[in-house]
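The values are calculated or read from the model by the stated rules, or taken from the named source; none is laboratory data. What you are looking at is a predicted structure, and each value in this text was computed from that prediction instead of being measured. Every residue, glycine as well, gets a Cβ built from its backbone with ideal geometry; the counts of neighbours run over all protein chains shown.
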Amino acid sequence: MALVILLLLAANAFAAESDALAISARIQSTHMPFGIVVDPIFASPDSDQVIGYTRCGDSALWSGFNLAAESFRYFVSRSDDSLSNIRTGLTGIQGLVEVTGSNLLARCAVPADSPYAAGIVSEEENNGVYFGFIANRLYYWIGNTSRDQYSGVFFGLSVAHDFVDDPDVKQASSALISQLLQELLRRDWILIFPNLDINTFQLRPDQQLAFLEIGRTSTPIDSARSTS
């Protein structure tokens, strides 16, 4: 009986792994046209033809979660493709910081010459749409970045730093954590965007503390600022 149970558990574990690998491959091939996670719009429910992308305003959050997932996967499997996906995810998040030109985090960034740009810009105009550059290429970026978007990115970066022993990944994740956190401290936890939209962490000392602890354990920065 025990042998039967072990065989069933092993079979279920194999099925779960194959499902997870299929999901990972699907995300990389269909949900990351710009190196960050967005939702595809298909031509029809039974079609794989992508005709647009949506929910770009939550891209930073889900890109952080995807980075964390691939980092957990690498910690267990040591697979080359998970490491490649981690590097892609870090580059995508770096772009969300670079494109603003001010060390703020963008919700999303899409190349201005992308055939999907017009639909994304129209959908996200209430959050503020601006121009910026990533590697000398013109992008639209989406502002009014909320606390949950920052939380998703800090979570993904911290998992990548702590669970992936590749030195380039550790350096890149540490640098991004430092860059984002130093800017939050410089701004006294108040985010002001070009259209004067304001988001603030000042009433959320729990989130301040979480980010400071991530910074303390992953990069040598001044985390002695008050969280009150």
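Points worth noting:
- Of all residues in segment 143-170, those that are closer than 17 Å to Asn103 by Cα have Cβ atoms under 7 Å from Cβ atoms of residues that are aromatic (Phe, Trp, Tyr) and assigned to a helix (DSSP H, G or I), 6 or more apart or on another chain, in Gly152/Trp62; Gly152/Phe65; Phe154/Phe211.
- Annotation: of all residues in segment 56-100 being of a type in the set (A, V, I, L, M, F, W, C) and without any contact (Cβ under 8 Å) to a residue 60 or more places away in the chain, the one that is farthest from Glu125 (Cα to Cα) is Val76.
- Residue within segment 129-145 that is of a type in the set (A, V, I, L, M, F, W, C) and not in a strand (DSSP E or B) present: yes
- Residue count for segment 16-44 satisfying the condition of being farther than 15 Å from Glu70 by Cα, among the β-branched types (Val, Ile, Thr) and not in a loop (DSSP other than H, G, I, E, B): 2.
For (1) at pLDDT below 95; (2) surrounded by 15 or more Cβ atoms within 10 Å (Cβ to Cβ); (3) more than 13 Å from Ile142 (Cβ to Cβ), each residue gets a yes or a no:
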residue	(1), (2), (3)
Ser84	no, no, yes
Thr88	no, yes, yes
Gly92	no, yes, yes
Leu96	no, yes, no
Val99	no, yes, no
Leu105	no, yes, no
Ala109	no, yes, no
Pro115	no, no, yes
Ile120	no, yes, no
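- Condition check for Ile134: over 19 Å from Leu209 (Cα atoms) and buried (at least 22 other Cβ atoms within 10 Å of the Cβ): no
- Checking each residue in segment 112-150 for being under 22 Å from Pro40 (Cα atoms) and of a type in the set (Val, Ile, Thr) picks out Ile120, Val121, Val129, Ile142, Thr145.
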